[in-house]
Amino acid sequence: MDREDELTAERMIGLLADAGSFECWDEPVRLPEADPEYRAALGRARERTGLDEAVTTGRARLAGRQVVLVVSEFGFLGGSIGVATAERITRAVERATAERLPLLALPVSGGTRMQEGTAAFLCMVRITAAVQAHRAAGLPYLTYLRSPTMGGVFASWGTLGHLVLAEPEARLGFLGPRVYRELRGVELPEGVQRAETLVARGLVDAVVPPERLARTVARALAVLADPPDPLGSATPLDPPGAERPQGPADAWEAVLRSRAPGRPGADAVLAAAGPGLLELAAPDQALVRALARFGGQPAVVVGQRAGAERPFTAADLRSVRRTARLAEQLGLPLVTLVDTSGAELSVQAELDGLALEIARTLETLVALRTPVLAVLLGQGSGGGALALLPADTVLAAGNGWLAPLPPEGASAIVHRDGEHAPELARAQGIGAADLVAAGLVDRVLPEDDTDRTDGPGFAGRVAHAIGTELAGLTARPEAERLAARAARHRRLGGGSG
């Protein structure tokens, strides 16, 4: 690859910054007192790249918004991090925090600079501490991992972004293939350290081509950094008393309708959310993750995609928890969209700790300090559904339902066959109206047989209802809201609290 085609620091800045807006913050770096061979290598790197270190930093406008950029240069000793490199990164992060600006880091690195040994290695802690302070201040920190990003950089500030994006086919990992071969005596399996593999396992948020990065970051910051529209900008729903639970009176009929092909699901609701949507999950994944604005109210969205090619997994639940923590760190509400025929049932699921992940997700959502709004869109089968339902407010579709198992599975346990599924669906109290009586659902959103994914219909009504509910939840004092949530959870299922 010719140098003009490489993703150099200069080229990345050119792809991101509005024309002429980049203001470099770098202070001159002196060559260290070191052995002649290392000093010579540094000199050659400076001549080759035009930079005095393996990173350049500064402030720029991105789609008109002020942001701070930390951009690595692989041509400078493989983008390795020495003491001076770490100091430059740390100062840029600290200045971004002081000026309350969002921060975008674009690492590309083989890791710690071996010529500087343990001193350079320890600097990963220094950078991480600065990043943590930036995040603790409620300021967005995004990372874009270029190829390769390895070692201590990958294991610290490179992967601590509120959003972790990656270059297509980037090599990302802790141990480089050459070191792995030397230490283990075998080749590292192909594809293990590819960006796409890590996205599939919930370790990286999305793969984004360089030419689309500016637009993606701009959309993300429109949700993560911009305040909500004034309360009342969205037209309120009718008073709750005017909305009686609707949908079929028969619970089994609700189950069948929730499974109907073409029924609006999470994708349709997100499509109806309005401008500014940034989806973070591939269409074939069971997990839905997005940043969105509903009626002008920013939110972090996570949920389940009905009919996905694979079931809901332990990795998906880890991503749910990470998404919830993102919302909390940035003070944004979390919206969960529940629509699942059940979590993965397999030997691998047991080994991956699926049950433990359900427990941890329940705990995370119960304790989350940011507002949580859950929407039971359709199927609510088992622990995979339950894990996403602890919330301040729960909305349900008229054909939404929640059960410990699909009715067919419950029938197999109770009657040793699946033929009694309709009878058990009616007896178990799984329908939307039953869930209102059980204290889970606060409002049922009507739907009818004409609603489909290709029209505004039900999905539009759900998106509108989410915006209205978010405006009320975010306006409520935190202590009052958390106390009401605790009391709500105490009453679920008929508790006396």
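The values are calculated or read from the model by the stated rules, or taken from the named source; none is laboratory data. Just so we're clear, the structure is a prediction, and the values are computed from it rather than from any experiment. Because the Cβ atoms are built from the backbone with ideal geometry, glycine has one as well, and the counts that use them run over all protein chains shown.
One table, with the values for the structure above:
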read-out: Conditions (1) out of contact with any Leu (no Cβ under 6 Å at 6 or more places or on another chain); (2) buried (at least 23 other Cβ atoms within 10 Å of the Cβ); number of the one not met by T149; value: (1)
read-out: Failed condition for T364, given (1) at pLDDT 95 or above; (2) in a loop (DSSP other than H, G, I, E, B); value: (2)
read-out: Residue pairs meeting the criteria (Cβ under 6 Å; at least 6 apart or on separate chains; first farther than 16 Å from G382 by Cα, in region 408-423; second hydroxyl-bearing (S, T, Y)); value: G418/S411; H420/S411
read-out: Residue in region 196-211 that is free of Cβ contacts under 8 Å to residues at least 60 places away in the same chain, at positive phi and surrounded by fewer than 18 Cβ atoms within 10 Å (Cβ to Cβ) present; value: no
read-out: Residues of region 114-133 satisfying the condition of being of a type in the set (S, T, N, Q), surrounded by 14 or more Cβ atoms within 10 Å (Cβ to Cβ) and closer than 26 Å to D35 by Cα; value: Q115
read-out: Inter-residue pairs, beta-carbon under 8 Å, first over 14 Å from L160 (Cβ atoms) and in region 134-148, second acidic (D, E), 6+ apart; value: R146/E167; S147/E167; S147/E169
read-out: Any pair with Cβ under 7 angstrom, 6 or more apart, that starts in region 477-497 at a residue that is farther than 12 Å from L440 by Cβ and ends at one that is small (G, A, S) and at pLDDT 90 or above; value: G497/A487
read-out: Hits in region 108-121 - residues which are in a helix (DSSP H, G or I) and within 15 Å of G158 (Cα to Cα); value: F121
read-out: Filter result (in contact with a helix residue (DSSP H, G or I) (Cβ under 6 Å, 6 or more places away or on another chain) and not aromatic (F, W, Y)) within region 27-42; value: V29, L31
read-out: Residue within region 134-142 that is of a type in the set (S, T, Y) and either in contact with a Phe, Trp or Tyr (Cβ under 8 Å, 6 or more places away or on another chain) or surrounded by fewer than 20 Cβ atoms within 10 Å (Cβ to Cβ) (or both) present; value: no
read-out: E344 assigned by TED's automatic domain parsing to the domain that holds G380, without any contact (Cβ under 8 Å) to a residue 24 or more places away in the chain and acidic (D, E); value: no
read-out: Filtered residues of region 234-272 (kept if of a type in the set (G, A, S), at pLDDT 50 or above and part of a loop (DSSP other than H, G, I, E, B)); value: G247, A249, A260, G262, G265, A272
read-out: Residues within region 403-444 that are in a loop (DSSP other than H, G, I, E, B) and at pLDDT 90 or above, tallied; value: 6
read-out: Boolean, E73 is surrounded by 24 or more Cβ atoms within 10 Å (Cβ to Cβ) and among the acidic types (D, E); value: yes
read-out: Residue in region 300-315 that is at pLDDT 90 or above and either in contact with a Leu (Cβ under 6 Å, 6 or more places away or on another chain) or not in a strand (DSSP E or B) (or both) present; value: yes
